[in-house]
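The values are calculated or read from the model by the stated rules, or taken from the named source; none is laboratory data. A quick note: this is a predicted structure, and the numbers were derived from the prediction, not measured. Neighbour counts run over all protein chains shown; Cβ positions are idealised from the backbone, glycine included.
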Number of protein chains: 4
Amino acid sequence: MGEGVTEALARIFSVDSELYQGRGFMRRVGFGERPALVNIDLANAWTRPGNPFTCDGMDVIVPGVQRLLGAARAKDIPVVFTTTAYAVTEGPNTDMGLWHLKIPVEVLRLGTDAVAIDERIAPEPGEQVIVKKRASAFHGTFLAGFLRANGVDTVIVTGVTMAGCVRHTVEDAIAEGFRPIVVRECVGDRVAGAVEWNLFDIDAKFGDVEPLGRVLEYLEALGSPHPVRDVAAREALP
Amino acid sequence: MGEGVTEALARIFSVDSELYQGRGFMRRVGFGERPALVNIDLANAWTRPGNPFTCDGMDVIVPGVQRLLGAARAKDIPVVFTTTAYAVTEGPNTDMGLWHLKIPVEVLRLGTDAVAIDERIAPEPGEQVIVKKRASAFHGTFLAGFLRANGVDTVIVTGVTMAGCVRHTVEDAIAEGFRPIVVRECVGDRVAGAVEWNLFDIDAKFGDVEPLGRVLEYLEALGSPHPVRDVAAREALP
Amino acid sequence: MGEGVTEALARIFSVDSELYQGRGFMRRVGFGERPALVNIDLANAWTRPGNPFTCDGMDVIVPGVQRLLGAARAKDIPVVFTTTAYAVTEGPNTDMGLWHLKIPVEVLRLGTDAVAIDERIAPEPGEQVIVKKRASAFHGTFLAGFLRANGVDTVIVTGVTMAGCVRHTVEDAIAEGFRPIVVRECVGDRVAGAVEWNLFDIDAKFGDVEPLGRVLEYLEALGSPHPVRDVAAREALP
Amino acid sequence: MGEGVTEALARIFSVDSELYQGRGFMRRVGFGERPALVNIDLANAWTRPGNPFTCDGMDVIVPGVQRLLGAARAKDIPVVFTTTAYAVTEGPNTDMGLWHLKIPVEVLRLGTDAVAIDERIAPEPGEQVIVKKRASAFHGTFLAGFLRANGVDTVIVTGVTMAGCVRHTVEDAIAEGFRPIVVRECVGDRVAGAVEWNLFDIDAKFGDVEPLGRVLEYLEALGSPHPVRDVAAREALP
């Protein structure tokens, strides 16, 4: 892009921020008490070269997610990975819906290596891998019910793409009643500017964009281990 | 149960029907133009002996579903199977939500033979098998979006259990804007009376309960082959 | 109905319960820590005579709900009422969806006295009245997001009808990750048997059916006043 | 902003488009056969001066929507308006969820003039006005079920704000299985750049951005009057 464009975007955001702040937007949703870590589409089609879905920035995103995974696992907080994959990519019975009319989702075939989570950040046994069909991790999946049943109030979001699945997930997260926290260094895209303007919109309206260091401090400051929800039926009365 | 109970239920339904009809309930939703066939939880845990989820009546249900599958495939209408299965059945990260606090869903482990669709009615390539976590085939799944994208207006429902997943699916189907048709001979349960009273409630309020023969005639009367939806982007104007 | 039918239903439930319990169904979901009270369709069309939707048993249901409202308000727990009402009851732009093809929802016109909450249990300022279009209080409404944002984990359900809106609401509640508690004396219907068999199905699979006295004791045993959720943005770190 | 910034954005979009097109993104979803017109938050808080939510560009947006309304009404296609409004804007029982922690939704009180649809584009009797609580017109509302029951396959979207409610609505529309068409001249925002980058993201991934003239031509070319869906129950067989 060149310096000029980065500066141009920064200048737009500066003007926009002034208007937003003057009108009471750009507030902080803040961290809650029971977070979950939700990693969006960090599967090989997005994290490795050579796919239409390949994204940039994995040299920063992957190590950042590794650190978040370490912190989350140390506190036994729920960890979720999503991938986007389809069982039927031709004909009238496809699970792609209408999305292949916009983007090349026909290359994301269920069961292939392309849609498996990148092994550098491989899920451990007992962690959820949700196969979604649409952009949002919430849309047409059991994620909201899963998080609620586990008492989660905060969703820490990483992954790709910023202009697609990450953004839609964050919008849905606050709509569903969860505090969305987007980890600045752990989100990416494949076209210039998309990370910046989508983070700007999100921070103004839908969730807080926070640096990795701050999110790690938050996770480390949680009670250790994070108290496990009592899933046994409780009898409130004798 | 004995003759007395069947008669007792019939007597209740007769009295109730009179009230319903006098008040304008028990109308017909009718068949639409673009059906899909949705088979609920006809996996081995439900269709074979020896599981907590085992249901009765498979000697009638399975042949009935076979006939429906034949008719549906002949017309290229969308065919969906659901099963209920969980990746994590212990600890705080479970996808069972709170349901294991009511019923023994912990035996339904993802990837086991128990949750595979019964091979007597095996899905063919290009048919959808949706793994759900809750009772309704719509809840936390991509079913509604899939059906809408395919232009479906009518959902023909078979499977088990009548008091659980079939009923909740039918309630959601009409809520989502689809015409639910429950095939009388192709639904079952594991406790006495449950099929009867749930079919009664459904026919009164949520969908039409129709005999297998009538549903087969409907499918056979559809244009042959059922016109495939044009999924290519259309340009309305030059 | 006569004594014979009540006995017949009781005999069916007894046999069914034995099978269920032997297989690990009919567990207790239990009371959680942050309840909400959700009253389904206790509007005049259902609670007063002369409407197609009129239900029985209001001499017991209304006083029971009054006691629950008192207990809930004393602890500042969220109180929700639903009603079912339509802005457009004719033509192709109706919000009835397909439901008028089954039941006479065309009499439930938005803004009429028929769909107003019965004044004997009138909502107080600051309580939610949700206008729904379908059976479930969750379907096509903001209820799930509202409850999650307020930290609710338990949904105490009253109202009508048992075979329709109450049942679908309870099924959705557990699917969404909330503990459903149905208050035995505070639910009703308009046809014989429907309350009994639907409570039986729910208690076996979807939520706990509890007597009013026990629910009141639970509410009274909550911390007083129930700690109000901190809705201010929290800064976890300096 | 100045010429420099517009040019800077145009330059970014040009580079990004090249990458997208090379990889198979930016396809056309196209117009379907049964559209609905969905106007997002064109209520006074957004269309008139002096509110924190006031948006720019109403001198173009309002006349454009007037023309679309005329064309839609001439063909009897479903017309929907949304507004965002809250019954309870203080305390733990609020329907704002967590959104007031980011933006000043506490000024959007149900029943006030601020949240009424702008009278220059007033709804006619028989048109739906949906009160939503979140950004998307689909989230927590009956919109998807309404559209499906009416056989709609295409959603023509206008309104504000581009970075918030319009974008989230479009993302949900394609996720739900509808073809989203965003009318270029009929969407707006309140900060610089937001219309441009959000339209760019949408056109790349979620829906088609089309000029008003083309959408009007499409509506005018529909059969006249648009065939009204047969909502009567059909009996497929004698």
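Just one of the listed residues (D:G177, D:G207) is of a type outside the set (K, R), within 14 Å of chain B (Cβ to nearest Cβ), crowded, with 24+ Cβ neighbours inside 10 Å and under 25 Å from A:A192 (Cα atoms), namely D:G207. For the residues D:G193, D:G164, the requirement of being on the phi > 0 side of the Ramachandran plot and out of contact with any His (no Cβ under 8 Å at 6 or more places or on another chain) singles out D:G193. Selection within the range D:17-52: residues that are more than 14 Å from chain B (Cβ to nearest Cβ), over 26 Å from A:A194 (Cβ atoms) and in a loop (DSSP other than H, G, I, E, B). The member of this set that is nearest to the chain's Cα centre (by Cα) is D:L42. Here the condition is being modelled with pLDDT of 95 or more, more than 7 Å from every other protein chain (Cβ to nearest Cβ) and within 13 Å of the chain's Cα centre (by Cα); of A:L219, A:L212, A:L199, it holds for A:L199 alone. Within the range A:182-195, the only residue that satisfies the criterion of being closer than 23 Å to D:I103 by Cα and at the interface with chain D (Cβ under 9 Å from one of its Cβ atoms) is A:A194.
Taking the conditions (1) hydrophobic (A, V, I, L, M, F, W, C); (2) buried (at least 24 other Cβ atoms within 10 Å of the Cβ); (3) within 17 Å of the chain's Cα centre (by Cα) in turn, C:V62 satisfies each one other than (2). On the stretch given as the range B:53-67, residues that are in contact with a helix residue (DSSP H, G or I) (Cβ under 7 Å, 6 or more places away or on another chain) and either hydrophobic (A, V, I, L, M, F, W, C) or outside any loop (DSSP other than H, G, I, E, B) (or both) total 8. Filter the range B:116-133 for residues that are in a loop (DSSP other than H, G, I, E, B) and without any contact (Cβ under 8 Å) to a residue 40 or more places away in the chain; which is nearest to A:R134 (Cα to Cα)? This residue is B:G126.
Restricting attention to the range D:87-102 and to residues that are in contact (Cβ under 8 Å) with a residue 12 or more places away in the chain and surrounded by 15 or more Cβ atoms within 10 Å (Cβ to Cβ), the residue that is farthest from the other protein chains (Cβ to nearest Cβ) turns out to be D:T89.
Taking A:G30 as the residue in question, decide whether it is touching a residue at least 40 places away in the same chain (Cβ under 8 Å) and over 27 Å from D:I174 (Cβ atoms). Here the answer is yes, as A:G30 does meet what is asked.
For the range C:134-165, taking the residues that are free of Cβ contacts under 8 Å to residues at least 60 places away in the same chain and under 27 Å from A:E33 (Cα atoms), the one that is farthest from the other protein chains (Cβ to nearest Cβ) is identified as C:F138.
Residues of the range D:71-88 that are β-branched (V, I, T), in contact with a helix residue (DSSP H, G or I) (Cβ under 9 Å, 6 or more places away or on another chain) and not in a strand (DSSP E or B): D:I77 alone. Determine if the range A:139-152 includes at least one residue that is crowded, with 24+ Cβ neighbours inside 10 Å and of a type in the set (S, T, Y). No, that holds for no residue.
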